[in-house]
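What follows is a set of notes on a single structure, which appears directly below.
The values are calculated or read from the model by the stated rules, or taken from the named source; none is laboratory data. What you are looking at is a predicted structure, and each value in this text was computed from that prediction instead of being measured. Neighbour counts are summed over all protein chains in view; Cβ atoms, including those assigned to glycine, are modelled from backbone coordinates with ideal geometry.
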Amino acid sequence: MIIEGLRVTLFGMAGIFVAIGVIIGAVWLLNRFAASKDDEETGIKKP
Amino acid sequence: MGDFLGSLFGSLMDMSPAELVKMLVMWTLGGLLIYLAIKRQMEPTLLLPMGFGAILVNLPFSGAITQVVDGLTEAGPLSVLFDAGIANELFPLLLFIGIGAMIDFGPLLSNPKLLLFGAAAQLGIFLTLTLACGIDALFPGTFSLQDAAAVGIIGAADGPTAIFVANYYGTKYMGAILVAAYSYMALVPIIQPACIRLVTTQKERRMRMPYAKSGVKKSVRILFPIVVTVIAGIVAPRSVGLVGFLMFGNLLRECGVLNGLSETAQNALANLITILLGLTVAVKMQADAFLTPQTLLILGLGLFAFVFDTIGGVMFAKLLNLFTKNKVNPMIGACGISAFPMSSRVVHKMGLAEDNQNFLLMHAAGVNVGGQIASVIAGGLILNLVAK
């Protein structure tokens, strides 16, 4: 059962970091999208 | 006279001395939880109902729980509530709506790398699971793998997640697991400073982290809960209930058009479910199931989980500092547990104690809310990796 425990530990911690890594990437993209959207709106507003 | 006294105290007289002693021990434990809740203000929202519930379910032939009397089943209200809200995982999920509505993810969204510390601080869950497996290898029959998973989730430092996972596996140690989880959450101001001092130097604790407030766009705040739900759901499908309800509550808060529902979720809903949850989990604190050697072991394993959550987060921060230009104060790694906002306040106070110009609160709060997300994902991964 220790082997099972170690397997769960390895895959569990790896899984958390993968999920968190993807979320970080998604948030970075969201922040960029939101910032560039503002730039576009500023661009449209120029005479 | 004898018949009269017998009719009044018959339930006590029918008990064996051993049963009587167990009952008194559980009354004392219930009283202790109530004392800690009121006098020491340790997690009163849960410890007080749990303490009172422990007394209710440990009265002889208690009408609060289902009893079989002369072959007839008499349903007790706490057992009915348990089946209605805990056995089907409903209460912890509804509570998560309220918790999600209370959380401001702003500090995290302005610096999403802080989520990494939340991931690292879940180490205690998995180490505890492995340790429980090791204990079973030495003393066969102590824990099944499912019991070990349920015990490990104490390290999530999150009540609803602990209830959800423990109930999913149907572990008989649910009472001990919940007492451990909530008690150690209340003891964070004692456990974490000791662990942090163990693995950091004074120079490290004094590291300053300047905070530059940057706004977070409303669109990001609205899309974040949806994106997190989808990602967590793909990585750990069984976490969708936990993550989804938490993020739904957050979406109610951030959408800006449902302030009434957000207020209700944060206050009425959260308080109502907390009342029912605290009383109802006491169903698992009946003496026969609770007073076992494994209970003491679980209390010890729970402490181990919290200690290694803290150490995991701090050591990860120190590891990151080896490779990054912008160093972080390693203490904020300890905030990656889900005990929000207590852990961030503890680290902020420790930072000020070392250097009264070092304000770590916003960084610590960002890591702390990240820990909330990471702990729920960890719970979901456990459900995926350990079959029922």
Next on the checklist: So B:LEU385 ticks every box in (1) at pLDDT 90 or above; (2) under 26 Å from B:VAL235 (Cβ atoms); (3) away from chain A (no Cβ under 12 Å) but one. Which box is left unticked?
Outcome noted: (3)
Checklist entry - Are any of the residues in the stretch B:297-305 crowded, with 19+ Cβ neighbours inside 10 Å and not hydrophobic (A, V, I, L, M, F, W, C)? => result yes
Next on the checklist: at pLDDT 90 or above, surrounded by fewer than 24 Cβ atoms within 10 Å (Cβ to Cβ) and either in contact with a Lys or Arg (Cβ under 9 Å, 6 or more places away or on another chain) or among the basic types (Lys, Arg) (or both): which single residue out of B:ILE177, B:ILE196, B:ILE191 fits that description?
Outcome noted: B:ILE196
Checklist entry - Is the stretch B:166-184 home to any residue that is within 14 Å of B:ALA305 (Cβ to Cβ), away from every other protein chain (no Cβ under 14 Å) and without any contact (Cβ under 8 Å) to a residue 60 or more places away in the chain? => result yes
Item to check | Pick from the stretch B:357-366, criterion surrounded by 24 or more Cβ atoms within 10 Å (Cβ to Cβ), in contact (Cβ under 8 Å) with a residue 60 or more places away in the chain and more than 12 Å from chain A (Cβ to nearest Cβ), ranking: farthest from A:PHE11 (Cα to Cα) | outcome: B:LEU360
Checklist entry - Among the helices (runs of 4 or more DSSP H) confined wholly to the stretch B:82-132, which include 1 or more residues that are crowded, with 22+ Cβ neighbours inside 10 Å, over 15 Å from the mean Cα position of the chain (by Cα) and within 14 Å of another protein chain (Cβ to nearest Cβ)? => result B:106-109, B:115-120
Checklist entry - If you go through the stretch B:186-209 one residue at a time, do you hit one that is of a type in the set (D, E, K, R), touching a helix residue (DSSP H, G or I) at 6+ places or on another chain (Cβ under 7 Å) and within 26 Å of B:PHE143 (Cα to Cα)? => result no
Next on the checklist: As an exercise: evaluate B:THR161 against (1) among the polar types (S, T, N, Q); (2) crowded, with 24+ Cβ neighbours inside 10 Å; (3) away from chain A (no Cβ under 11 Å); (4) more than 13 Å from B:GLY371 (Cα to Cα) and give the number of the one condition it does not meet.
Outcome noted: (4)
Item to check | Residue list for the stretch B:260-288, filter: farther than 24 Å from B:PRO44 by Cα and at pLDDT below 95 | outcome: B:ASP288
